[in-house]
Amino acid sequence: MQSSRFYKILNDNYPGVDLQDSKSDPNRKIYFTRISMDGLNEMHEYSIDKRLYEYFEFEPFNKIEDTEKYLKRLMSLEGVNAIGRTAIAWFVRRIDDKKLVGTARLVNIDYNRKSVEWGYGIDPELWGEGYIFEIQELLKEYIFEKLKLNRL
């Protein structure tokens with residue numbers, strides 16, 4: 001795949017986009033959207049939960065300004081140009097009510113090495129409900145089938 005095509009797919013497609021119609025898989029619970037400031041309040045609601053930070057290298061967000069700063073940082077890490085992008089993030093939402101479940105990210109995207117790292121975090125109130133497994137499956141399909149990378 002040419003690099004320009006790779007970055008176009010990375011920029012224009014979301015994990016699970018081929019499966020966005022929940023009728024195609026009645027077990028599907030989530031969909032992805034690009035992160036934006038529109039999700040700030042919902043993100044802040046679960047970002048104050050101390051359980052979310054057990055394995056993070058920073059403290060829980062106490063003020064909405066902390067969450068806003070973090071969300072802006074995630075968006076700035078993507079940059080404005082798709083070509084050469086090394087990070088991208090999405091909100092993960094429930095299909096049935098559009099509630100924000102969490103976020104998922106690809107980082108250290110390296111087109112030449114065909115490699116990427118992933119990360120995700122979900123609302124601790126939703127832990128144990130299978131969202132992580134679904135996020136992982138959709139990201140794996142996106143990474144290996146859509147982006148044609150071979151190293152995770």
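The values are calculated or read from the model by the stated rules, or taken from the named source; none is laboratory data. Everything quoted here is computed from the prediction, not taken from an experiment. Cβ placement follows ideal geometry from the backbone for every residue including glycine, while neighbour counts extend to all protein chains displayed.
Residue-wise test of (1) modelled with pLDDT of 95 or more; (2) aromatic (Phe, Trp, Tyr); (3) touching a helix residue (DSSP H, G or I) at 6+ places or on another chain (Cβ under 7 Å); (4) surrounded by 14 or more Cβ atoms within 10 Å (Cβ to Cβ).
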| residue | (1), (2), (3), (4) |
| --- | --- |
| TYR7 | no, yes, no, yes |
| LEU10 | no, no, no, yes |
| PRO26 | no, no, no, no |
| MET37 | yes, no, yes, no |
| LYS50 | no, no, no, no |
| GLU57 | no, no, no, no |
| ILE64 | yes, no, yes, yes |
| LEU77 | no, no, no, yes |
Of all residues in the range 79-111 being without any contact (Cβ under 8 Å) to a residue 40 or more places away in the chain and on the phi > 0 side of the Ramachandran plot, the one that is surrounded by the most Cβ atoms within 10 Å (Cβ to Cβ): GLY79
Give the range 39-48 a look and list any residue that's among the polar types (S, T, N, Q) and crowded, with 17+ Cβ neighbours inside 10 Å, or say none. SER47
Of the residues in the range 126-147 that are loosely packed, with under 13 Cβ neighbours inside 10 Å and not hydrophobic (A, V, I, L, M, F, W, C), the one that is farthest from SER4 (Cα to Cα) is GLY128
Criterion (assigned to a loop (DSSP other than H, G, I, E, B) and in contact with a Leu (Cβ under 9 Å, 6 or more places away or on another chain)) met by exactly one of ALA104, ALA89, ALA82: ALA82
Restricting to the range 12-24, name every residue that is surrounded by fewer than 17 Cβ atoms within 10 Å (Cβ to Cβ) and modelled with pLDDT of 90 or more. ASP12, ASN13
